[in-house]
Every structure is written in structure tokens, then in C-alpha cells.
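Peer 1: One structure, as C-alpha cells, below. Some questions next.
The values are calculated or read from the model by the stated rules, or taken from the named source; none is laboratory data. Bear in mind the structure is a predicted one, so any value in this text is a computation, not a measurement. With ideal geometry, Cβ positions are generated from the backbone for all residues, glycine too; neighbour counts draw on all protein chains shown. When the accessible area is computed, the model is the full protein with side chains, heavy atoms only, and any ligands, DNA or RNA have been set aside. Shrake-Rupley method; radii C 1.70, N 1.55, O 1.52, S 1.80 Å.
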Amino acid sequence: MATTGTKSNIYPSVHGKEKGSQNKSGEPVNEAQVDLLSAQDQLVQDVSSTAVLTPLDDDLVGEPQEVDDRGNWSGRFDFLMSLLGYSVGLGNVWRFPYLCYKNGGGAFLLPYILMLVGVGLPLFFMELAFGQFASLGPITVWRINPLFKGLGYAMVIVSWLISLYYNVIIAQVLFYLFASFTDSLPWISCDNPWNTNNCLVFNHTERNQAVNASVQSTVMTYIEGAAYNLSSAVLSNLTSGMTEAATTTTTTTALPDAETTTRALAATMNTPAEEYYRYYVLEQSKSIDEFGSLNWRLAGCLLLAWIVVGACLIKGVQTLGKVVYFTAIFPYVMLTVLLVRGATLDGAMNGVIYYLKPDLDRLADPRVWSDAATQIFYSLSACSGGLIAMSSFNKFTNNCHRDAIIVAILNCSTSVFAGFVIFSILGFMAYEKGVDVSEVAKEGPGLAFEVYPEALSRMVVSPLWSVFFFIMMATLGFGSQFSIVECVLSALLDEFPQLMKTFRRSLSFRVSMMVLGFLLGLPMVCGGGIYLLELVDYSVGGFPLLIVGLVECVAINWIYGFNNFWGDIQMMIGDRPKQYWKICWTILTPFVIVLTIILNAIFYKAPTYKGLPFPGWAEALGWLIVMFPVSAIVVWFVYYYCKKGGFRLLKMRSMPLPHWGPALANDRKDRYSPERQGQQNFGTLQYQVGQKIYRSHLDVHEIARLLAGSSTTINTVNTQMTGASSTMTLETGANPTPVGSIWGSNTSV
């Protein structure tokens, strides 16, 4: 409630001082003495900034609601493993290493660590404490401030969108995993039905120097021939005969320098791994405009992925807490094995140097800092509701402060560790191809499904290493996916508890959500599905997470208040507030998020796939995806405000003041005459809370409606009408006399 020169969140007199009185039924009631001044006396008040009286609301009174038995972690390590599996995902392996290389190598670690300290860790701890204190999912937990319940819906929307495309990526991982159980990997050669004439196996080891010289010559001939519009048959023969030509022909053509030849080769040729991914796994169309038909092989893997997710979440956290021990620990085992293997390969050290070589000049680029802040959201999975959902199943006294620090540090350390694994292999691949590491470094699916498989195919016993790698990728993906989906399920079950009245009803709901997720993911396994996946990923992971994080910080630490929030945390863990958390939650973290949003807007780039821009309608679809979760915050705020009396309050506060009218007394006639003004019964509601007195200019009838619901004594003084005082008592009891409905509640007067 706003007041003149005073900020207060005190509700009306029903929450006022105990008087110890009783109503007609003998029940104790709360009483508040309220003086109603006349319209004439109101003229001496500061009528331009009178208080706004908050209406009595059913949501604001009553006994605390008990939470139904929603399950708990069976042990502390169940929660830690789930949290680690949720936070450490595919982004740690295929996004962070590339960003580190692109943004200055080792120099990028400085902004990354600073963003972890200033943004990532504060948000991580805040959400864990928030969920654990209330033991509620990300929607229902906003009992802390019902106006911001839309923030919970925004979180769930973000998590649901992420789960849809994340499981499609897991389906692709499963596809590769099954394809690896063979004696020869299918992406080694260009002799497969799906390969095109642009497929080329290109090696650059010492024993293949002669081969490469002929290949370079043939490629240049191919390029020159294209300039002279040679027939497609001739070009096909040139391309398909490259390997044979290397051993049977020589050339006298003057070759350009190696760098020029390599770039020409990269611009016109595809590796077998690239063509396997594009034309066999994805059955990729030329653009999103050509969406194509359903890829049944990939659809089958998607179905399997949702079956695995559903089976592991069939009983909620009880089953999830057991599965995560494998999905959280096994990736570290495989990362270590792959690092040891990568370190023994030729050229591995060159890759590591490219990964960590510091370029301090890059720190002057604001985009580097923006990338670091955005990556923190990716790494820690903050602001998507999962942290709140996971911690809500904790015991009330669990030390979430310690857990937040442990998992946040482990998560970011994993990102750095994964970089060594990835770039040691990329260094080997660059050595094999005789190119710079920058020529083979990619991010996202391009790294996992094009570059890395090609590197694996060049190892001894390549199928074995391929199986290890894709098992690691699958466990990383499932570890995060389990928690993402459980966030959505637990949020909806908390908000609609009737869905979990019986195990059968809860089971039906969970199975239905898995089926729905599978159906909504099918468009992403069509020919143009990879474009849609890239568009959703690009749209969800940027502005929505940043905006949710900003509003969440403000709602908890500014509106609810840092002192109140830390008091809740102290109730759980008994720790005293530290200035670090207060500075971060109230000032530093919101400031950095706002700055990141501004930088992302300034340096905004339209989404592309492999350098190809999306058409206008697809870019518009991307912005609709961005606005979908963000609009939930605004729509709910407006809806709840109007539903709970905000619209009527706005209308009431827009009424003219009693002394509105002609300035001269002689001109005040009809409804502006003193007699008519007195009959309007305008006055000032004055009530006291502690040592502070609040006033609000209202109509008597509005005052009656607002204060009804408790035994409230209203002393009216209207010297202009009667010059005497009268008393009206509104009380609740067994049989109150109904004289009107109460605005914003079910109470009658």
C-alpha cells in the first residue's frame, strides 16, 4: 500500500491491533479504530498524495496452507547428485570450450570467473534457498508475492521449451550411439549412398604427403573447371576420382600456397562425418522453408528418449534420486578417459594451446563480457525453475548455502576440464588434416556430431572410443533432461494438487506429459527440423532467462526485502547474513543483468544456421518464442491486479476530489453547491499502525466495503451535515447481516 511519503506493505485494519473483544457469537475478533473526517476537514489535508487502501483479499488472510505429501530426497547426496546432473549438461562440453577459444582463450576465464562470483553463484544460492524454504515448485512458490506468479509460469515455459529440443538432441546422440556398435564407423568413407560428389576424405600425415599434393591439384582443377562451366559429369568424375588420381597422376599446374588451397578445399568440400550427419541422420533440407517429411529413424530415437525420461520420473524424485548417481558421475569417468587418450595423440598440445592462449586485448570487447554472463546462465541452469524445483524436495534444515557453493564451483570447473578434452582431440584432428585449429573448432551440434566423430574415426579402435564418447554425451543429456522435465511436472502438480490425489492420477498426468513432449518434438525431426531446433535454442537461451533473473532478484530482494529473505534463510541454516550476498542480490547482480541485456540488444545478431540467415517469418517466430515466457510475467501481473480489485481501485482513485468544481463560490451550483457536496459523504479514512498514521480519501460506502470482514468501528464526524458523531460497526460472526458483497473477496457485509 502506498502512503504519503512512507513506504509500507501493511494491509488494512483487519491486520491491526488486537483488542481482545468478542463478536455476537462470542468469538474473539480484531478491532481497529478509524476516524472518518468530513469533506470540509479534508481540504486541509494533502489531497494530492493520499494513501491507497489495499482491499481485503481472501489470498491475504486465513491460515497457512499445508502442503500435500510431495516426496523428498531420500538423502542429501541424492539432491547433490541431481543438482550436479542438472547443472552439468551438454552446454559444458560443446559451448564453453568454443566460447573460451573465441573470446581470448585463457583471458576469457577472467570475465567468466567474475560473472560466476557476481551473477551465477548469487542466483544459484538464491533459488536454492527460495525453493527449500517454501517446499514448493516454481509456480506455487510465488505465494511470496502473488502479483509475480507469472514469473513462475515464465520459468516453467522456458523449461518446457528447453526440454522439447533437448530431447531431440539426445535422440541424435542415441542415433550415433547405436551406429557406433559396428566394426567400421559409417562416417569414415565417402562410399555410402547418402554421400554427395562433394564428399572428401582429406589427410595430411607425413605418409600421405604425395596424396595431398595431388588432391590439392585436383581441387584447384575442380574450382577452375567450375569457372569454365564444365559439365556436371566431368565435375563428378573429378571429385569421385580424387583418391585414385593421387596415386596415378601428377600435375604440372603451379599450386597456390597451402593456406589458399586449404581454404578453397574447405569452401567446396564436406567431410564424411558432415555428410553423415546432414544427409543420413537429419535428412536435412536446404532451408527451413522446405520442411520435408518425418525422419522415422530419428523419430524412433526420440520416442526412446522420452520413454527413458518417463521411466526415470515415474515416481518423481524417489526414482530420480537413484538414477542420477550414474548420470552425474559417469560423464566424469568418460571425460577423464578421453582426456588421457587425447593427450597421447599427435598435435594434442597445439589444441590445448589454442584453447588457453590468452589474448588480453579481447577483454576490451564488451561482447566478451556479455558472452561470459550469458554462459553463466547456460552453465548453472539458473532462472528456469529447475533449481527451485530440485531444492523444494530438501529437508527444511538442509545447508543449501554449502550445496550452492560446491555445485557452482564443480559445474564451472567441469566446463574448463571439458575444454581440455575437446581441444586435445581438435588439435589432433587439425594435425591430421594439416590445418590450423581454428579451421576445425566449432560449437554446438557441429562440434558433437561433425567434428568430434571425425576425430574419433581417426583413432585406433575407433568404434570403441565412439561408444564411450556418445555414452558420455547421453548421460550428460539425460542428467539434465530428468531435472528439467521434473521441474515442469512438480510445478504443475504443486499448482494443481488434485492431479496427485492418487498414484494412478499422478501416473496418468506424467505419462500424458511425456506423450505430449514427444508429439511436440516431432517437427524437429523432420527435414527442416534442425533449423527449428536452432531457432528455439537461440530464442529461449538469451533474453527470457536474463529478464526472468532480473525480475526475480527485484521481487525477492527489493519488494519482499533482503532482510526478510535472509531471515528466512537464517531460520533454515542458522547462518548470519554476509555483506557479499546483500551487495550481490540487491545491487550487483541486477545491475550486471541489466547491463548484459543492454549489450545483447546493442550487439544483437539475427539467428543463422551455418552462416545462412533465416527468412523473415522464421525470425518473427523466434521473437514470438522470446516473448512467450516474458509475456507470462506481464499478463499475470495485470490479470491478478485487476481480478483482486485493481481495476476498481484505479476507477475509484480517478474520481474527482470533493473540492473539484468552479473556483468561485458564486459559481458553485447544482451538484457543486455546498449542500450537494455535503450529501456525497466524502471523507478521509485515517488509521494507525504502530506510531504511523495513514489517511485515504474515500467515499463512506467504499470505506465500508474495504474494511468489512472484521469487527471494525468507524467514527464519522460530519460537521457540515449534522455536527454530531455517529458510530457504525461492521463485524463478522455466525450470522452477519448482508448489506453488500465485499470487493475482491467472498465476504459479505
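Peer 1: Quick one: accessible surface of ASP371, probe radius 1.4 Å, all protein chains present, in square angstrom to the nearest 10.
Peer 2: Its heavy atoms expose roughly 40 Å² to the probe.
Peer 1: Something else about it: Quote the FRET efficiency, to the nearest 0.05, computed for TRP617 versus LEU519 with a Förster distance R0 of 22 Å and r equal to the Cβ-Cβ distance.
Peer 2: Working: r = 23 Å, r/R0 = 1.04.
With R0 = 22 Å, the Cβ-Cβ based efficiency is 0.45.
Peer 1: For the range 358-421, what log10 I(q)/I(0) values come out of the Debye formula at q = 0.29 1/Å, with one point per alpha carbon and no solvent?
Peer 2: -1.24
Peer 1: State the extension gain, in nm to one decimal, for the chain segment bounded by TRP296 and VAL461, taking 0.36 nm per residue of separation less the distance between their alpha-carbons.
Peer 2: Values: separation 165, 0.36 × 165 = 59.40 nm, distance 3.00 nm.
My answer for the length gained is 56.4 nm.
Peer 1: Please compute the net charge surrounding THR271, taking Lys and Arg as +1 and Asp and Glu as -1 over other residues with Cβ under 13 Å from its Cβ. Please report the intermediate quantities before stating the final value.
Peer 2: On the way: positive: ARG278, LYS433, LYS442, ARG458; negative: GLU274, GLU275, GLU432, GLU439, GLU450, GLU454.
Computed value for this residue: -2.
Peer 1: Rolling a 1.4 angstrom probe over the protein chains, ignoring ligands and nucleic acids, what is the accessible area of THR397 in square angstrom, nearest 10?
Peer 2: 100
Peer 1: At most 13 other Cβ atoms within 10 Å and a DSSP loop assignment: could you name the chymotrypsin sites (Phe, Trp or Tyr not before Pro) in the range 571-616 that fit? Intermediate results must be reported in sequence, preceding the final value.
Peer 2: Numbers: sites: TYR580, TRP581, TRP585, PHE591, PHE603, TYR604, TYR609; in loops: PHE603, TYR604.
Passing sites in the range 571-616 are PHE603, TYR604.
Peer 1: Once fully extended, how much extra length lies between ALA601 and ARG668, figured as 0.36 nm per residue of separation less the alpha-carbon to alpha-carbon distance?
Peer 2: Working: separation 67, 0.36 × 67 = 24.12 nm, distance 5.60 nm.
Going from the current span to full extension adds 18.5 nm.
Peer 1: Compute from the Cα atoms of the range 311-353 the Rg and the Dmax, the latter being the longest Cα-Cα distance, and quote both in angstrom.
Peer 2: Cα radius of gyration and Dmax of the range 311-353 are 16.9, 48 Å respectively.
Peer 1: In the range 396-465, carbon and sulfur make up what percent of the accessible area (probe 1.4 Å)?
Peer 2: Working: 1360 of 2030 Å².
With neighbouring chains kept in place, the figure for the range 396-465 is 67 percent.
Peer 1: Which length gain, in nm to one decimal place, applies between ARG143 and ILE559 when the Cα-Cα distance is subtracted from 0.36 nm times their residue separation? The partial results should precede the final answer.
Peer 2: Numbers: separation 416, 0.36 × 416 = 149.76 nm, distance 1.31 nm.
Between ARG143 and ILE559, full extension yields an extra 148.4 nm.
Peer 1: Would you kindly derive the ³J(HN,Hα) couplings of the range 353-367 from the backbone phi angles with the Karplus curve 6.51 cos²θ - 1.76 cosθ + 1.60 (θ = phi - 60°), listing them in order in whole Hz, with x for Gly and Pro?
Peer 2: Those phi angles translate into 5, 4, 5, 10, 4, x, 10, 5, 5, 5, 5, 7, 8, x, 5 Hz.
Peer 1: Still on this structure: Could you check how many percent of all C-alpha pairs in the range 476-561 are farther apart than 14 Å?
Peer 2: 77
Peer 1: To continue, here is another question. Accessible area per residue, 1.4 Å probe, Å², for the range 451-533: what's the number? Can you show the working numbers first?
Peer 2: Details: 2650 Å² over 83 residues.
Heavy-atom SASA per residue in the range 451-533 reads 32 Å².
Peer 1: When all protein chains stay in place, what accessible area (Å², nearest 10, 1.4 Å probe) is found for CYS642?
Peer 2: Rounded to the nearest 10, the figure is 60 Å².
Peer 1: A follow-up question, please. Just to be sure I understand the model, the point goes 7 Å from the Cα along the line to the Cβ. What's the resulting ASN198 to PHE591 distance in nm?
Peer 2: With each label point 7 Å from Cα toward Cβ, the separation is 5.0 nm.
Peer 1: How many nm separate the modelled label positions at LYS357 and THR182, each set 7 Å beyond the Cα in the direction of the Cβ?
Peer 2: Distance between label points: 3.7 nm.
Peer 1: Would you mind getting me the FRET efficiency between ASP346 and SER189? Use the beta-carbon distance for r and R0 = 30 Å, nearest 0.05. Numbers along the way, then the final one.
Peer 2: On the way: r = 22 Å, r/R0 = 0.73.
Here the calculated transfer efficiency is 0.85.
Peer 1: Which shape class applies to the range 80-145: rounded if a/c is under 1.5, otherwise prolate when a/b exceeds b/c and oblate if not, where a ≥ b ≥ c are the square roots of the Cα gyration tensor eigenvalues? Don't skip to the answer; put the middle values down first.
Peer 2: Numbers: a/c = 3.28, a/b = 2.11, b/c = 1.56.
Prolate is the answer for the range 80-145, as a/c is 1.5 or above and a/b outweighs b/c.
Peer 1: To continue, here is another question. Which shape class applies to the range 329-435: rounded if a/c is under 1.5, otherwise prolate when a/b exceeds b/c and oblate if not, where a ≥ b ≥ c are the square roots of the Cα gyration tensor eigenvalues? Numbers along the way, then the final one.
Peer 2: Numbers: a/c = 3.25, a/b = 1.65, b/c = 1.96.
Cα axes put the range 329-435 in the oblate bin.
Peer 1: Let me ask something else. Computed FRET efficiency, Cβ-Cβ of ARG653 and THR336, R0 51 Å: what is it to the nearest 0.05?
Peer 2: Approximately 0.20, to the nearest 0.05.
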